[in-house]
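Notes for the one structure printed next.
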Amino acid sequence: MEERVASKTEFTECWRRTTESPYIMRLALSAGIGGLLFGYDTGNHCECGCCWSCNWCAFGGWMNDKLGRKGTILVADVVFFIGALVMAIAPAPWVIILGRVFVGLGVGMASMTAPLYISEASPAKIRGALVSINAFLITGGQFLSYLINLAFTKAPGSWRWMLGVAGVPAVIQFVSMLSLPESPRWLYRQNKEEEAKYILSKIYRPSEVEDEMRAMQESIETEREEEGLIGHSLAQKLKNALANVVVRRALYAGITVQVAQQFVGINTVMYYSPTIVQFAGIDSNSTALALSLVTSGLNAVGSILSKVFSDRYGRRKLMLISMIGIIVCLIMLSVTFNQAAHHAPAISNQDTLSFGANSTCRAYTKAPNFSSWNCMHCLQVDCAFCASSKRDVSVTKDLSLLLI
């Protein structure tokens, strides 16, 4: 089903309909927790798990067809919770990586199923507005991850709490989804028309149910005809789809936009915001996380502004403006750190060795040119500290910041 972009009028109608029927908002928020899981996972920098989530997305369509939207979300919650639990009790780094793989699998399933479920189980007039909730919860999840990490910075076993608490939203979504229905569109495709009609009666006004049933029937019949034309196997579908000039151009445009968004490097800034702050010379974990809240908070605000201005100025113009802004800011960031690297204070060999052999960075003591080292070199290796007679710079690289 096509995902529609919400307009200002649509948001107004959404408020009116959800006030009239809170069940609709409950449905959207419960499924939207999948977006929150995705945001929290990326906010915790689970890059290893994110790779697996991307791979799992390729099989998400098959799972949605076989298990249904609700079933896929429930499985995703279980897998995500197992991954969070494994990371929280991990006795060794390789166990954390295993937990991240599970978390990535759960995120991969939930991130593609949540907006699909919302769009198929929402009134057509407010579908775009409700799907926008999922996008907002993704950025909100990133902000929440930094906030929770900040709260547990000084707690015993801080990094375990930071990673383990990610399982709480998964449990909440699992429990809430148990009482929610399956997607009416999926039920109709499974020849369960009466069940689909009953669910639509809870979502639409009584006068709209029959019209929606007819519209869904026509849409699914057209979809089945198109599937028959392009083939049933994956190879046939890809071959016939790519043979269509319109589809091929749309595919190229979509891929180019996605690749460009990744290659500008904004994800590096988002994922490693606390580390970047520490590179700037702020050694406090809590201060680094607190300052990172600014980045993630602005990201959440930006997602709201995009919804407000997308209809007024157009999607293409907003995308171009934002891309230019990102590129300019990244260039400024690169220049700043380049200057910091060239003007970093030199390391005093005498002051450093005074810490004792057991506390001295081996990479420094074994370096043939250690006399030329400055504090930036310490940040680039696995040192615990660096010392200068003019300035002491403490670089805390404890497990909590390595894992988030």
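Is it the case that Gly302 is open to solvent by less than 40 Å² (accessible area, probe 1.4 Å) and either under 24 Å from Thr12 (Cα atoms) or assigned by the TED database to the domain that holds Ser132 (or both)? So Gly302 fits the description; yes. Among the conditions (1) farther than 28 Å from Trp186 by Cα; (2) open to solvent by 10 Å² or more (accessible area, probe 1.4 Å); (3) in a helix (DSSP H, G or I); (4) not hydroxyl-bearing (Ser, Thr, Tyr), Met87 misses just one, which is (2).
Report yes if some residue within segment 144-167 is over 24 Å from Leu289 (Cβ atoms) and among the basic types (Lys, Arg); otherwise report no.
Here is the first cut: in segment 144-167, the ones over 24 Å from Leu289 (Cβ atoms) are none.
No: zero hits.
Per-residue answers, yes or no, for (1) touching a strand residue (DSSP E or B) at 6+ places or on another chain (Cβ under 8 Å); (2) loosely packed, with under 15 Cβ neighbours inside 10 Å; (3) of a type in the set (Asp, Glu):
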| site | (1), (2), (3) |
| --- | --- |
| Ser158 | no, no, no |
| Val165 | no, no, no |
| Val168 | no, yes, no |
| Ser179 | no, yes, no |
| Ser183 | no, no, no |
| Arg189 | no, no, no |
| Glu193 | no, yes, yes |
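In this entry, Gly104 passes the filter for residues that are more than 16 Å from Phe174 (Cβ to Cβ) and in contact with a helix residue (DSSP H, G or I) (Cβ under 8 Å, 6 or more places away or on another chain). Please pick out the residue among Thr268, Thr275 that is open to solvent by 50 Å² or more (accessible area, probe 1.4 Å), under 30 Å from Phe152 (Cβ atoms) and modelled with pLDDT under 80. Every option except Thr268 fails the conditions.
Cβ-Cβ distances below 9 Å connect the following pairs, each with a first residue in segment 134-160 that is touching a residue at least 40 places away in the same chain (Cβ under 8 Å), a second residue that is of a type in the set (Asp, Glu), and a separation of six or more residues or different chains: Gly141/Asp41; Ser145/Asp41; Ser158/Asp398; Trp159/Asp398. Just so you know, in segment 23-63 the residues that are under 10 Å from the mean Cα position of the chain (by Cα) and open to solvent by 30 Å² or more (accessible area, probe 1.4 Å) include one that is modelled with the lowest pLDDT, and it is Phe38.
Residues in segment 197-220: is at least one assigned by the TED database to the domain that holds Arg17, of a type in the set (Phe, Trp, Tyr), out of contact with any helix residue (DSSP H, G or I) (no Cβ under 6 Å at 6 or more places or on another chain) and surrounded by 12 or more Cβ atoms within 10 Å (Cβ to Cβ)? Give the steps one after another, and end with the answer.
So in segment 197-220, the residues assigned by the TED database to the domain that holds Arg17 come out as none.
The answer is no; no qualifying residue exists.
The values are calculated or read from the model by the stated rules, or taken from the named source; none is laboratory data. Keep in mind that this is a model prediction, so the values were computed, not measured. With ideal geometry, Cβ positions are generated from the backbone for all residues, glycine too; neighbour counts draw on all protein chains shown. Heavy atoms of the whole protein, side chains included, go into the accessibility calculation; ligands, DNA and RNA do not. Shrake-Rupley method; radii C 1.70, N 1.55, O 1.52, S 1.80 Å.
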